[in-house]
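Step one of this worksheet: look at the structure below.
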Amino acid sequence: MSTLSPGRVLAGHVDYLEELRIHAQRIRVEAEMRAGRHRQLVPELRDLVAAHPFNEWFHQALVASLRESGRRGEARTAFQALRTLLRDELGIEPADEPLWSVPA
């Protein structure tokens, strides 16, 4: 089975739709977190982090959900994994505290 690559014009639309999809996922995750469904979000957030390894928001939502689920050790490990990824791949540190304040 062969896969077709979109042309230059369609590639821009594909990128736009992917950004909208990610934004919609973030809004839904925020709503779930505000409703206190942290424990239920952990598996999905692990998948989102794996699919979007450089999206710090998904990482911070995972860390917050782990923490709010009473899994502080795993939250710390998840944060350290992000710090290592960003340092090794991009030479940067995670964003400052405001990004890490997640609605509870």
**Q.** Computed lengthening from LEU4 to THR84, 0.36 nm per intervening residue step minus Cα-Cα distance
**A.** 25.3 nm
Q) Sorted by packing (mean other beta-carbon atoms within 10 Å per residue), highest first, where do 61-73, 13-25, 79-91 land? A) 61-73, 79-91, 13-25
Q | Helix-only CD estimate at 222 nm, as mean residue ellipticity for the chain, using -39500 (n - 2.57) per DSSP H run (n ≥ 4) | A | -24500 deg cm²/dmol
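What size of dipole, in debye to the nearest 20, comes out for the stretch 17-100 about its Cα centre when the only charges are +1 on Lys and Arg C-beta atoms and -1 on Asp and Glu C-beta atoms? Don't skip to the end; give the middle numbers.
Working: 13 positive and 14 negative charges, 91 e Å.
Using Cβ point charges on Lys, Arg, Asp and Glu, the stretch 17-100 gives about 440 debye.
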Q. For GLN40 and ALA11 in the same chain, what is the full-extension length gain: residue separation times 0.36 nm, less their Cα-Cα distance, in nm?
A. 7.0 nm
Q: Kindly write out, for the stretch 22-30 in residue order, the coupling ³J(HN,Hα) from the Karplus curve 6.51 cos²θ - 1.76 cosθ + 1.60 (θ = phi - 60°), rounded to whole Hz, with x marking Gly and Pro.
A: 5, 4, 5, 4, 5, 4, 5, 4, 4
(Q) Tell me the angle of helix 56-68 to the major Cα principal axis of the chain, expressed in degrees between 0 and 90 and rounded to the nearest ten. (A) 30
Q) Between (i) 1.09; (ii) 1.00; (iii) 1.05, which matches Rg/Rh (Cα atoms, Kirkwood Rh) calculated for the structure shown? A) (iii)
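What percent does the relative contact order of the chain come to when contacts are Cα pairs within less than 8 Å and at least six residues apart?
On the way: 78 pairs, mean separation 24.6, N = 104.
About 24 percent, as a whole number.
Please work out the average accessible area per residue across the chain, using the 1.4 Å probe convention, and give it in Å². Intermediate values should be presented prior to the final figure.
Details: 7100 Å² over 104 residues.
I get 68 Å² per residue for this part.
The values are calculated or read from the model by the stated rules, or taken from the named source; none is laboratory data. Everything quoted here is computed from the prediction, not taken from an experiment. Heads up, the Cβs are rebuilt from the backbone with ideal geometry, glycines too, and the neighbour counts pull from every protein chain shown. Ligands, DNA and RNA are excluded from the accessible area calculation, which covers all protein heavy atoms including side chains. Shrake-Rupley method; radii C 1.70, N 1.55, O 1.52, S 1.80 Å.
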